[in-house]
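Comments concern the structure below.
Derivation of every value follows stated rules applied to the coordinates shown; laboratory data play no part. Computed from a predicted model, the values in this text were never measured in an experiment. Neighbour counts run over all protein chains shown; Cβ positions are idealised from the backbone, glycine included.
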Amino acid sequence: MLNIQNLVDDAKCFETVRALRWPEGVRCVHCASAEINKQGRDPTQPERQKYRCKDCGRWFDDLSETILAGHHQPLRTWVLCLYFMGLNLSNRQIGQELGLHKDDAQRMTQQLREGIESKQSLPVLDGEVEADEVYVVAGHKGNPEAVKKARKGRRRRLKGARGRGTLAKEKPPILGLIQRGGEVVLRMLDNVQQKTIKPIILACVAEGTRFYTDEYDIYARLPAWGYEHHSVCHSRGEYARDEDGDGFHEVHVNTIEGVWSLAALLAAPSPRDLSGTPPDVPELFSVRPQQSCAREGAPPGALGSADCLAVWNAD
């Protein structure tokens, strides 16, 4: 049986990492000095170059200070895992393609997502921004005792508690902010209250930005926070409105609502118990602009291998 890992060259993988990490030549990961000496190769990975800094005297190698340091899987396995994540494969499918147990694939994808998200700075949205929230029903997944007590028949999952969702009620809300024609920010919240959303909005939306929302009253204080606010009332059947009379219905939240359907595609291959562990899917989806990776044929928000390698650089 053909193993895809045999078609990938470790030497080329390390060459690509070096080119992305040090486009102007290798520098010390500890002091950024360009005065370094090559000090042989790693005994377990012959293509992995070791270095010693002449200025600070410390040692490092091609993967030092990255999320790949200290792991036994060869670099080609990580690169292929990253590629399959861009194709939106499930952890089970990734494990099958790479000849790994699904739990190992889960750990690898988790580390990659967390590493990518941690390297990204929070974008600043401006111009026209839409805001909306969605609620993810976590049910009792991961809590077998609760399932035994409450499950009836052959239901595939349990319903969350009634009313507005919270993390405590196993129906965690996710706040979505999208700049029209720009970036998207998704964050899971403990609850949907003004004091909860205010720090996120102030941190990533420029003052004076025009906001479009639905009628939910958590957005009522946007003008007091320094923003222009326009809303549509879904409860009255209003989904778009032309306020300036130009024939274009500019007041709507259709863009951010479209994001939820795309985010569901990313979340589907790796369902998780959202009530137990904060999910990384919202952060992964919002790592890059909506239009990114369209050139790679991947869903908006999915990441290309070269883009992900670039964020492994040490700060």
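Amide H contacts of GLY182: none lie under 5 Å away among residues 5 or more positions distant or on a separate chain (H built 1.01 Å from N in the peptide plane; Pro and chain starts excluded). Computed from the Cβ-Cβ distance with R0 of 51 Å, the FRET efficiency linking TYR135 to GLN96 stands at 0.95. In a DSSP loop and with at most 11 other Cβ atoms within 10 Å, the GluC sites (Glu not before Pro) in segment 165-262 are GLU207, GLU243. Cross-link pairs exceeding 24 Å between alpha carbons, from the set LYS12/LYS102; LYS12/LYS50; LYS102/LYS171; LYS171/LYS198: LYS12/LYS102; LYS102/LYS171.
Annotation for LYS198 and GLN39: the two label points, set 7 Å from Cα along the Cα-Cβ direction, are 5.2 nm apart.
Most tightly packed first, judged by the mean number of other beta-carbon atoms within 10 Å of their residues, the peptides 193-205, 88-100 read 88-100, 193-205. In a fully extended conformation the segment linking ASN254 and SER235 would gain 5.3 nm over its present Cα-Cα distance, using 0.36 nm per residue. Of the peptides 171-181, 102-112, 17-27, the order by per-residue mean of other Cβ atoms within 10 Å, starting with the highest, comes out as 171-181, 102-112, 17-27. Hey, with R₀ at 35 Å, roughly what FRET efficiency would TRP225 and ASP246 work out to, going by the Cβ-Cβ distance, to 0.05? The computed FRET efficiency comes out at 0.80.
The amide H of VAL205, built 1.01 Å from its N in the peptide plane, has LEU125 as neighbours under 5 Å, considering only residues 5 or more places off or on other chains.
When only alpha carbons are used to place a centre, segment 189-207 and segment 220-258 end up 19 Å from one another.
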